[in-house]
Amino acid sequence: MMRGMYDGDATYAGIEERRLALVVVDIQKKFLAQSPGLVDSIRSRLDGINRAIDLFRSTGNPVIFLFYEGDGHCLAEASEDPDGLIDGLSMEENDLRVSKTWMNSFRDSELGDRIRELGCDGIVLVGLVAQYCVLATYYGAFDNGLCPYIMRGGIAAEDEVYVERVEGICKTVTLDDIRRNVHFC
C-alpha cells in the first residue's frame, strides 16, 4: 500500500484502494468528422474501451458517459445524429449521462457531484480527444478532490503523438491494474 500526501492533508491511496468510476469522454459521432486520423485512433481502441466498460458494469462500479453539448470543434461536415455515440459503443440503462459545455468536463456540470454521490474518489478516463477534453478533465479532477487515471490504450487523438504525450505525463493504468482494485474482486 502506497501512502503519502495528496491534495493538502488528504491521504493518498493507490489505485488498488480507490473506489473508481469509469468516465467515457465525448465519444460522439460529431467529433469523428474532424479527422481521418481521429477515426482510426478511436476505432483501434474501441475494443479496449468496451472491455473497460464491461468490467466496470460487471463489478457494479459506475460508468459515466460525457456528452459535449454544442457543435463539434471545426466540424467539417454534417453528421446524422451528431450527438449520438459512435457505432460499436453503447450506453445501458444503468450508465449515467452527464452533459457538458467545456473541455474540462467538471466545469459548470454535475460531474463532480455525481461522482462523489456514488462514493467514488477516483476516475479512469477513456475517450476523445486526448490533448483536449481528456487532458482538461484529468486536471479538473484534482480540483474536485478526485484522483484521475488515464486508461492506457483508451484515449484517442488525430495524431498518435498526442496520445503518447498525454499518456506520458499522466498517471496511466491498464485493465489488469484496475482488476487488482479491491472493488473489482
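A short reminder: the numbers here are calculations on the coordinates, not readings from a lab. Predicted model only: the values in this text are computed from it and were never measured. Cβ placement follows ideal geometry from the backbone for every residue including glycine, while neighbour counts extend to all protein chains displayed.
Numbers for the structure displayed
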item: Net lengthening on full extension, Asp95/Arg19 (0.36 nm per residue, minus Cα-Cα); result: 25.7 nm
item: Mean separation of Cα contacts under 8 Å, 6 or more apart, over the residue count of the range 107-185: relative contact order %; result: 28
item: Fraction in percent of alpha-carbon pairs per bin - 10 Å, the range 36-185; result: 10, 42, 40, 8, 0
item: Within the chain: Cβ-based charge dipole about Cα centre, in debye rounded to nearest 20 (Lys, Arg +1; Asp, Glu -1); result: 560
item: Gyration tensor verdict on the range 127-185 (Cα atoms; rounded if a/c is under 1.5, prolate if a/b is larger than b/c, oblate otherwise); result: oblate
item: Whole-Hz ³J(HN,Hα) from phi, Karplus 6.51 cos²θ - 1.76 cosθ + 1.60, for the range 172-180, glycine and proline x; result: 10, 9, 10, 4, 5, 4, 5, 4, 7
item: Karplus-derived HN-Hα couplings along the range 119-124 (A = 6.51, B = -1.76, C = 1.60, θ = phi - 60°), whole Hz, x at Gly and Pro; result: x, 8, 10, x, 10, 10
item: Under-5 Å amide H pairs with Ile123, H placed in peptide plane, nonlocal only; result: Ala21, Cys147, Tyr149
item: Length added when fully stretched, Asp177-Asp121, from 0.36 nm per residue minus Cα-Cα; result: 18.5 nm
item: Label-point separation, Asp108 to Cys185 (7 Å along Cα→Cβ), nm; result: 4.4
item: Per-residue ³J(HN,Hα) for the range 60-68, Karplus 6.51 cos²θ - 1.76 cosθ + 1.60, θ = phi - 60°, Hz, x for Gly and Pro; result: x, 7, x, 10, 10, 9, 9, 10, 6
